[in-house]
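K.L.:
This is the structure I have questions about; it appears just below.
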Amino acid sequence: MNVQENIELLPYNTFGIKARAKYFTAIRSIADAQALIASDLFRKEKHIFLGGGSNILLTKDYDGLVVKVELQGKEVVQEDDDTVTLKVGAGENWHAFVMHCVAQDWGGVENLSLIPGTVGAAPMQNIGAYGVEIKKNILTVEGVEIGSGTVTSMSNEACRFGYRESIFKHEAKDKFLISSITLTLTKKNHAFNISYGAIEETLKQMGREKLSVKNISDAVIHIRQSKLPDPARVGNAGSFFKNPSIHADLHDFLKKRYPSLPSFPSTDSLVKIPAAWLIEQCGWKGKTFGAIGVHPLQPLVLVNYGGGEGEKIWQLAMDIQGSVKEKFDIILQPEVNVL
Ligand SMILES: Cc1cc2nc3c(=O)[nH]c(=O)nc-3n(C[C@H](O)[C@H](O)[C@H](O)COP(=O)(O)OP(=O)(O)OC[C@H]3O[C@@H](n4cnc5c(N)ncnc54)[C@H](O)[C@@H]3O)c2cc1C
């Protein structure tokens, strides 16, 4: 086990924040994970598992051990004429995995193309985009229990997936190291999801109206590249807040006051509101404050133009949250993990 001290985390977070970790190590196998968990250092120090760092905001130096999860591998564990089931290592790059599936014409994750980060973090917040969430395909999530070092497989149901939610963000937070996920994809009779209108429009513009795994993936990539900042050029962690679900009564009240209020059904009594609309209505879209700001095309994305501090981004997020609460009586919840 190679543990480094006082390591700069700038290369390990897509927000591009400078912060240092007291200790840093990487694990590449379950045996590495078990040895680490049994070590004195791990027991003594607080710790966090890290994938691609695309869903974290570092507000200060990390006074503990950062464990970068780098377990690799893709294995077909079951296959028939219609479906294929794969076990994929937590440290695999998510988008590279999606591209692998697209190249084989395996359907199910094409709408989740170009999401940054690792496979192991995908179940954490049940990644979702363009009408699809990963929970639809996940069979099991395997990992190591921190308390005992035991390797456990959790069923889809046990993961308690919800909108940007899972057990791993709550009871199992920092107590379960995800080592791999097992998921099922279709080989034929794909159930394409083009409920997000822009996909169909983009396919038309691209002159590729035939629905296929590849065409939908290409359309999603095209839409994402035109709307979202590339973290390699502008620091960000994607959507900073979740879309709030509000009670139907509050929705009806707000709709009278703001007739253009967009919404979509959530459950019987709840209505989901796009957080981006709420933030834009409060005047934040495109605002900059020194090195940081709110993205000019997508107000849900907070950005670091270079040299911005995590603490200041967090303060900006809290100011946005406060103004949305004041204007709409809605409390936005962060989607990003704040450290
Ligand atoms: C430009 C951009 C666009 C994005 N678009 C989307 C989108 O469309 N939909 C979406 O859902 N998300 C999106 N995201 C957010 C992010 O990419 C995803 O949440 C992604 O799954 C995070 O992966 P990661 O490996 O970078 O996780 P990290 O940021 O490294 O970690 C996130 C959390 O998971 C924990 N964790 C990571 N790996 C493990 C592990 N193996 N075991 C246990 N815990 C672990 C960490 O401790 C942390 O709490 C976007 C981000 C960016 C920058």
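K.L.:
Between Lys227, Lys256, Lys214, which is within 16 Å of the ligand (Cβ to nearest atom), among the basic types (Lys, Arg) and out of contact with any strand residue (DSSP E or B) (no Cβ under 6 Å at 6 or more places or on another chain)? Step through it out loud before you land on a result.
P.N.:
Values: Lys256 fails: within 16 Å of the ligand (Cβ to nearest atom); Lys214 fails: within 16 Å of the ligand (Cβ to nearest atom).
Of the residues listed, the single one that is within 16 Å of the ligand (Cβ to nearest atom), among the basic types (Lys, Arg) and out of contact with any strand residue (DSSP E or B) (no Cβ under 6 Å at 6 or more places or on another chain) is Lys227.
K.L.:
Sticking with this one: Do any residues in region 223-240 that are farther than 21 Å from Gly308 by Cβ have Cβ atoms under 9 Å from those of residues that are near the ligand (Cβ under 10 Å from one of its atoms) and assigned to a strand (DSSP E or B), where the two are at least six apart or on different chains, and which pairs are they?
P.N.:
Arg224/Ala129
Per-residue answers, yes or no, for (1) within 24 Å of Thr59 (Cβ to Cβ); (2) among the polar types (S, T, N, Q); (3) in the same structural domain as Thr14 (by TED's automatic domain parsing):
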{"residue": "Phe264", "(1), (2), (3)": "no, no, no"}
{"residue": "Val271", "(1), (2), (3)": "no, no, no"}
{"residue": "Thr288", "(1), (2), (3)": "yes, yes, no"}
{"residue": "Val294", "(1), (2), (3)": "yes, no, no"}
{"residue": "Glu309", "(1), (2), (3)": "yes, no, no"}
{"residue": "Phe328", "(1), (2), (3)": "no, no, no"}
{"residue": "Ile331", "(1), (2), (3)": "yes, no, no"}
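K.L.:
Scan region 133-163 for residues that are assigned to a strand (DSSP E or B) and more than 10 Å from the ligand (Cβ to nearest atom) and report the count. Spell out the reasoning first.
P.N.:
Let us first name the residues in region 133-163 that are assigned to a strand (DSSP E or B), namely 133, 138-145, 151-155, 162.
Now narrow it down to the ones that are more than 10 Å from the ligand (Cβ to nearest atom): 138-140, 142, 145, 151-155, 162.
Selection size over region 133-163: 11.
K.L.:
Could you list all residues from region 307-339 that are in contact with a helix residue (DSSP H, G or I) (Cβ under 9 Å, 6 or more places away or on another chain) and among the small types (Gly, Ala, Ser)?
P.N.:
Residue satisfying the conditions is Ser323 alone.
K.L.:
Next up: Quick one: count up the residues across region 89-130 that are more than 9 Å from the ligand (Cβ to nearest atom), open to solvent by 20 Å² or more (accessible area, probe 1.4 Å) and within 26 Å of Val234 (Cα to Cα).
P.N.:
Of the residues in region 89-130, 4 are more than 9 Å from the ligand (Cβ to nearest atom), open to solvent by 20 Å² or more (accessible area, probe 1.4 Å) and within 26 Å of Val234 (Cα to Cα).
K.L.:
Something else about it: Among the numbered conditions (1) over 25 Å from Ile330 (Cβ atoms); (2) more than 10 Å from the ligand (Cβ to nearest atom); (3) in a helix (DSSP H, G or I); (4) open to solvent by 20 Å² or more (accessible area, probe 1.4 Å), tell me where Glu171 comes up short.
P.N.:
All conditions are met except number (3).
K.L.:
What tally of residues in region 236-269 results from selecting those that are crowded, with 17+ Cβ neighbours inside 10 Å, at pLDDT below 95 and among the charged types (D, E, K, R)?
P.N.:
Summing the residues that are crowded, with 17+ Cβ neighbours inside 10 Å, at pLDDT below 95 and among the charged types (D, E, K, R) in region 236-269 gives 0.
K.L.:
Follow-up question, since we're still on this one. Quick test for you: out of Leu278, Leu297, pick the one residue that is closer than 25 Å to Gln315 by Cα and within 16 Å of the ligand (Cβ to nearest atom). Spell out how you get there, then give the answer.
P.N.:
Working: Leu278 fails: within 16 Å of the ligand (Cβ to nearest atom).
Result of the check over Leu278, Leu297: Leu297.
K.L.:
OK, next. Looking at region 11-125, what helices (runs of 4 or more DSSP H) fall wholly within it and have at least 2 residues that are among the hydrophobic types (A, V, I, L, M, F, W, C) and in contact (Cβ under 8 Å) with a residue 40 or more places away in the chain? Outline the logic, then answer.
P.N.:
Working: elements: 30-38, 40-44, 94-103.
Fully inside region 11-125 and qualifying: 30-38, 94-103.
K.L.:
Still on this structure, please answer the following. Using the structure shown, decide if Lys188 is within 16 Å of the ligand (Cβ to nearest atom), part of a loop (DSSP other than H, G, I, E, B) and either open to solvent by 40 Å² or more (accessible area, probe 1.4 Å) or of a type in the set (Asp, Glu) (or both).
P.N.:
Numbers: within 16 Å of the ligand (Cβ to nearest atom): no; part of a loop (DSSP other than H, G, I, E, B): yes; either open to solvent by 40 Å² or more (accessible area, probe 1.4 Å) or of a type in the set (Asp, Glu) (or both): yes.
In short, no.
K.L.:
Select from region 66-88 the residues that are away from the ligand (no atom under 12 Å from the Cβ) and not polar (S, T, N, Q) and list them in ascending order.
P.N.:
Our first condition is that a residue be away from the ligand (no atom under 12 Å from the Cβ); within region 66-88, this holds for 72-87.
Matches in region 66-88: Gly73, Lys74, Glu75, Val76, Val77, Glu79, Asp80, Asp81, Asp82, Val84, Leu86, Lys87.
K.L.:
Working only within region 207-226, note down all residues that are surrounded by 18 or more Cβ atoms within 10 Å (Cβ to Cβ) and of a type in the set (Gly, Ala, Ser).
P.N.:
Hits for region 207-226 are Ser217, Ala219.
K.L.:
Go through (1) touching a strand residue (DSSP E or B) at 6+ places or on another chain (Cβ under 6 Å); (2) more than 18 Å from Lys227 (Cα to Cα); (3) surrounded by fewer than 19 Cβ atoms within 10 Å (Cβ to Cβ); (4) not polar (S, T, N, Q) one by one and return the number of the condition Lys287 breaks.
P.N.:
Failing condition for Lys287: (2).
The values are calculated or read from the model by the stated rules, or taken from the named source; none is laboratory data. Here the structure is a predicted model, which is why all the values come from computation and not from measurement. Heads up, the Cβs are rebuilt from the backbone with ideal geometry, glycines too, and the neighbour counts pull from every protein chain shown. The area values use the complete protein model at the heavy-atom level, side chains included, leaving out ligands, DNA and RNA. Shrake-Rupley method; radii C 1.70, N 1.55, O 1.52, S 1.80 Å.
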